[in-house]
Amino acid sequence: MTFILEAKDVHFQYEDGTMALQGVSLGIEEGKKVVILGSNGAGKSTLFLHFNGIHKPQSGEIKFADEKIKYKNSYLKNLRKNVGIVFQDPDTQLFSANVFQEISFGPLNLGLSEEETRRRVTRAMEETGITHLKDRPTHLLSYGEKKRVAIADILAMDPQVIIFDEPTAWLDPVSTVQIIHLLNKINEQGKTLLLSTHDVDLAYSWADYIIVMKKGRVISKGRPEEVFQDEILLKDAGLVKPWILEVYDKLLEQGMLRDSSFIPRTKEELLQMIGEKEIKVSVL
Ligand SMILES: Nc1ncnc2c1ncn2[C@@H]1O[C@H](COP(=O)(O)OP(=O)(O)OP(=O)(O)O)[C@@H](O)[C@H]1O
Ligand SMILES: [Mg+2]
């Protein structure tokens, strides 16, 4: 198994004494879609900031492509080219006067030509659906628009791994679906995606692998159908069951499904199970 990113027994304490990470060990497999779940303050954002060297563990280590990361400027510059983070709050990420300049900053900083930069920025704006915002001042954009600019920012850098800290929080339903489609497209291009979310339905349907954190520790890891069937864990982590599993469990409990070996991951799969007359409809 190849891990593109790895944390090994990472401990991290903020300056005010808050112990944010207390022995976190996990690996992110290359090319996968991984979700980190955990209630507010669990340590998700803190962990993410370790993956591109913004935070340095007090003890333990962070590895990228099987190499322990070094905290030298030249190493970090290269690391950040390969591991991009879309921050939870777009206001911490965006700082340029207008959208085009904002997205150009990364590629220009990598030393790419103006022509290549323009090509990348144009593509990133198309992919995130913000071409019409090109000349708008970033600070006047709505939250959802800023979020797209923040994603375009990172896409234009073309990193191998992209970390999204709550990419769909506060987005309207249509924007959420569009962002998820975009994430799938990026993953199909071969990129490893790691994201945090509080949306259990999204995590269950989307992730290849799920990691659950609580109070600075990893309390569970596994495939979505494993993690979300563990009622004790869900309660402990303050998570609820995805609605698709709730419905599936109910149908199963009532003996309404003939084949119980297939667990649906998406609404479409669940509807298909029902639509294919696997339900024994009681005729009055
Ligand atoms: N700059 C900081 N200084 C001091 N403590 C901090 C700082 N940033 C985060 N913390 C603390 O570290 C812990 C972990 O916070 P973190 O932001 O990593 O959690 P999170 O899982 O991302 O939460 P959320 O779901 O609310 O985004 C929390 O107790 C938080 O209060
Ligand atoms: Mg956070």
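Quick rundown of the values:
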quantity	calculated
Rg over Rh [alpha-carbon atoms, Kirkwood Rh] for the stretch 31-190	0.95
Cα long-axis angle, helix 99-109 against the chain (0 to 90 degrees, to the nearest 10)	70
Under the Debye formula (equal points on every Cα, no solvent term), log10 I(q)/I(0) of the chain at q = 0.07, 0.12 Å⁻¹	-0.29, -0.81
Percent antiparallel among DSSP beta bridges (both partners in the chain, rounded to 5)	55
Taking the chain and dividing mean pair separation by its residue count, relative contact order in percent (alpha carbons under 8 Å, at least six apart)	22
Under 14 Å from the GLU29 label point (7 Å along Cα→beta-carbon), backbone N, the stretch 1-20	1-5
Theoretical gain in end-to-end length, THR122 to SER74 [0.36 nm per residue, Cα-Cα removed]	14.5 nm
R0 of 45 Å, Cβ-Cβ distance HIS11-SER260: FRET efficiency to nearest 0.05	0.55
Separation between Cα centres of the stretch 239-260 and the stretch 4-81, rounded to whole Å	36
From phi via Karplus (6.51, -1.76, 1.60), per-residue ³J(HN,Hα) for the stretch 31-42 in Hz, x at Gly/Pro	x, 9, 10, 10, 10, 9, 10, x, 5, 3, x, 5
Length released on extending from ASN184 to LYS250, taking residue separation times 0.36 nm less the Cα-Cα span	20.8 nm
Accessible carbon and sulfur surface of the chain relative to its total accessible area, %, 1.4 Å	51
Heavy-atom surface of the chain, accessible at 1.4 Å and reported per residue (Å²)	51
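The values are calculated or read from the model by the stated rules, or taken from the named source; none is laboratory data. Remember, predicted model here, so these are calculated numbers, not experimental data. Note: ideal-geometry Cβ built from the backbone for every residue, glycine included; neighbour counts use all protein chains shown. All accessible areas refer to the heavy atoms of the entire protein, side chains included, with ligands and DNA or RNA removed. Shrake-Rupley method; radii C 1.70, N 1.55, O 1.52, S 1.80 Å.
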